[in-house]
Amino acid sequence: MIKTIYLAGGCFWCTEAVFQRVNGIISVFPGYIDGTIKNPAYREVCTGRTGHTEAISVTYDDTLVNLTSLLLIFFNTHDPTTLNQQGNDIGTQYRSGIYFTEAEQQSVSLTIIKQLDAEGVFNSPIVTEVKEATTFYKADEDHVNYYNENKTQPYCTFIIDPKIEKLKNYFNIISQL
């Protein structure tokens, strides 16, 4: 069955690049979710005043990749323990979040967070918010497929490449892109 979930793990260039490489993913789009204004622009979201977070829309076939696998990839390719920050990216627009479209996604997300915290997988508690999805606004075209079109940019080589390598090394559900 085809399903959609929205994930925020800091900069959407990173999360888009990771999830584009997972078998069973039908589409990934960067954008903004969980804010207070309609049709926000990148420059507005970057101020932190719109309430939006940079996120990706992930449409997946759950007969090819299950939600648990997607969420484990999500938690292992960003730091879910820092509030409003991923590395040098600081502000509410970089918060960690899972925005569900059905009750099962909420339940599975909360269960995984509880298990990861109980097992002490991270040095600090997970601060990822789990909320029902609000309107998702796609980012401008120059943010779409950013990593694939800009692999030699310093941000891509220093920040995104290690996430891709981690995906390749620890997960057996990657596709060739």
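Every read-out reported here was derived from the displayed coordinates using simple, explicitly stated rules and does not represent laboratory data. Small disclaimer: the values here were computed from a predicted structure and weren't measured. So basically every Cβ, Gly included, is an ideal-geometry build from the backbone, and we count neighbours across all protein chains shown.
Relative contact order for the range 2-170 using alpha-carbon pairs under 8 Å, separation at least 6, rounded to a whole percent?
32
Could you pull the Rg and Dmax for the range 2-170, using just the Cα atoms, both in Å?
Expressed in Å, the Cα Rg and Dmax of the range 2-170 come to 14.8, 40.
How much length, in nm to one decimal, is gained on full extension between Y170 and Q106, taken as 0.36 nm per residue of separation minus their Cα-Cα distance?
20.6 nm
What's the long-distance tail for the range 81-172, i.e. % of Cα pairs beyond 22 Å?
Across the range 81-172, Cα pairs with separations above 22 Å total 46 percent.
Using a Förster distance of 22 Å, how high is the FRET efficiency between I37 and I2, based on the Cβ-Cβ distance and rounded to 0.05?
The formula returns an efficiency of 0.15 here.
Given H placed 1.01 Å from N in the peptide plane, which residues other than close sequence neighbours of N23 have an amide H under 5 Å from its amide H?
It is I174, S175, by chain and number.
Please compute the length gained on full extension between S124 and K151, using 0.36 nm multiplied by the number of residues separating them and subtracting their Cα-Cα distance.
6.6 nm
If r is the Cβ-Cβ distance from N66 to D140 and R0 is 45 Å, what FRET efficiency results, to the nearest 0.05?
0.90
Given the peptides 126-136, 21-31, arrange them by the average over their residues of other C-beta atoms within 10 Å, most packed first.
With the highest mean Cβ count within 10 Å placed first, the list reads 21-31, 126-136.
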